[in-house]
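Peer 1: Handing you this structure, nothing more for now.
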Amino acid sequence: MTERGQEPGVYAISVVARLVGTGQQNIRLYERKGLLTPDRTAGGTRQYSNEDLAVLRRISELLEEGLNLAGVAKVLELEAVNARLQGELNRLRPRRS
């Protein structure tokens, strides 16, 4: 679901769970639902980036607002599309001096 940037994952799931204030099982569930895709080591260990932390915080906000995971997925998808389109628009607009 999330579009990965260039930043590599460096945080273990236990650290991320503490930083975001949620359980490791929730983070695994969000991954299964396609809400985020952490990097993996050669051995398969999840490694989360600051970008992943931002996504997890956004998921928490949306859940607190009463959305279910399907709603969260749709909002994240629409936000990603909006950001991409805004970037394209900014590139196409003539620069003003």
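Peer 1: Mind checking the full-extension length gain between Val10 and Arg93? Use 0.36 nm per residue of separation minus the Cα-Cα distance, one decimal, nm. It would help to have the intermediate numbers written out before the result.
Peer 2: On the way: separation 83, 0.36 × 83 = 29.88 nm, distance 3.66 nm.
The span from Val10 to Arg93 would gain 26.2 nm if fully extended.
Peer 1: In debye, nearest 20, what is the charge dipole magnitude of the chain about its Cα centre with +1 on Lys and Arg Cβ and -1 on Asp and Glu Cβ, if you could check?
Peer 2: Around 260 debye, computed over the chain.
Peer 1: Once phi is turned into θ = phi - 60°, what whole-Hz ³J(HN,Hα) does the Karplus curve with 6.51, -1.76 and 1.60 give for every residue of the range 51-67, x standing for Gly and Pro?
Peer 2: 4, 4, 4, 4, 5, 5, 5, 5, 4, 4, 4, 5, 5, 5, 7, x, 6
Peer 1: Farthest toward the dipole's positive end in the chain, which of Ser60, Pro94, Gly21, given Cβ charges of +1 (Lys, Arg) and -1 (Asp, Glu) about the Cα centre?
Peer 2: The residue sitting most towards the positive pole is Pro94.
Peer 1: Roughly how tilted is helix 69-92, in degrees to the nearest 10 and between 0 and 90, from the longest Cα axis of the chain?
Peer 2: Long axis of 69-92 versus the principal axis of the chain: about 30 degrees.
Peer 1: Could you list which residues have their amide H under 5 Å from that of Gln47, counting only those 5 or more apart in sequence or on another chain, with H placed in the peptide plane?
Peer 2: Close amide H contacts, sequence-distant or interchain: Asp39, Arg40, Thr41.
Peer 1: So how do 27-39, 75-87 stack up, highest first, on mean other-Cβ count within 10 Å?
Peer 2: Numbers: 27-39: 17.3, 75-87: 12.3.
With the highest mean Cβ count within 10 Å placed first, the list reads 27-39, 75-87.
Peer 1: What Kirkwood hydrodynamic radius, in Å, does the chain give when the mean of 1/r is taken over all pairs of distinct Cα atoms and then inverted? Mind dumping the intermediate values first?
Peer 2: Details: mean 1/r = 0.0687 Å⁻¹.
It works out to 14.6 Å.
Throughout, read-outs are computed from the coordinates displayed, never taken from laboratory work. Just so we're clear, the structure is a prediction, and the values are computed from it rather than from any experiment. Heads up, the Cβs are rebuilt from the backbone with ideal geometry, glycines too, and the neighbour counts pull from every protein chain shown.
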